[in-house]
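Please read the structure below before turning to the comments.
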Amino acid sequence: KPALETLSVIAYRQPIQRSQIEAIRGVAVDSIVRTLLDMGLIKVVGRSELPGKPWLYGTTQAFLEHFGLKCLDDLPGMTEMRRNLQVQQEMDLTGEAGPGSGS
């Protein structure tokens, strides 16, 4: 779950610095970023102009393929995400099995 949260932040905010990811998530992400790099889901896309020239991260073609996306524009928007969250919460309240529940 932490890796998926970190990957989501990168996907929606790219290009993004590790320190910005940490500010959003509220935790250190060094090992998670390393893992995502090793998996080929993210890559270094440049360097910031800030002091120290920190790396900027973005997603890869492998990320798009893994999640069945043609381009980043296919990522769900806030309206769609809110609707999906509401449906999931309603299913949780009624005790119905939701997507990916294994039922």
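So which residues in the stretch 19-34 are over 13 Å from the mean Cα position of the chain (by Cα) and either outside any helix (DSSP H, G or I) or closer than 18 Å to E65 by Cα (or both)?
Listed by number, the residues that qualify are G26, V27, A28.
Anything in the stretch 60-97 that is farther than 27 Å from P15 by Cβ, open to solvent by 80 Å² or more (accessible area, probe 1.4 Å) and β-branched (V, I, T)? List them, or say none.
Result: T94, single match.
So which pairs qualify, if the first residue must be in the stretch 8-35 and more than 23 Å from D74 (Cα to Cα), the second must be of a type in the set (G, A, S) and exposed (fewer than 13 other Cβ atoms within 10 Å of the Cβ), the Cβ gap must be under 7 Å, and the two must be at least 6 apart or on different chains?
E22/A28
Where the second residue is in a helix (DSSP H, G or I) and open to solvent by 80 Å² or more (accessible area, probe 1.4 Å) and the first is touching a residue at least 12 places away in the same chain (Cβ under 8 Å) and within 24 Å of T59 (Cα to Cα) and lies in the stretch 70-95, which pairs have Cβ atoms under 9 Å and are six or more apart or on separate chains?
So the pair list comes out as L72/Y12; L75/Y12.
Do you know which of the residues in the stretch 47-59 that are of a type outside the set (S, T, Y) and surrounded by 12 or more Cβ atoms within 10 Å (Cβ to Cβ) is nearest to the chain's Cα centre (by Cα)?
G58
The values are calculated or read from the model by the stated rules, or taken from the named source; none is laboratory data. Just so it is clear, the model here is predicted, and its values are computed rather than measured. Every residue, glycine among them, receives a Cβ derived from its backbone with ideal geometry; neighbour counts consider all protein chains shown. With ligands, DNA and RNA removed, areas are computed over all heavy atoms of the protein, side chains included. Shrake-Rupley method; radii C 1.70, N 1.55, O 1.52, S 1.80 Å.
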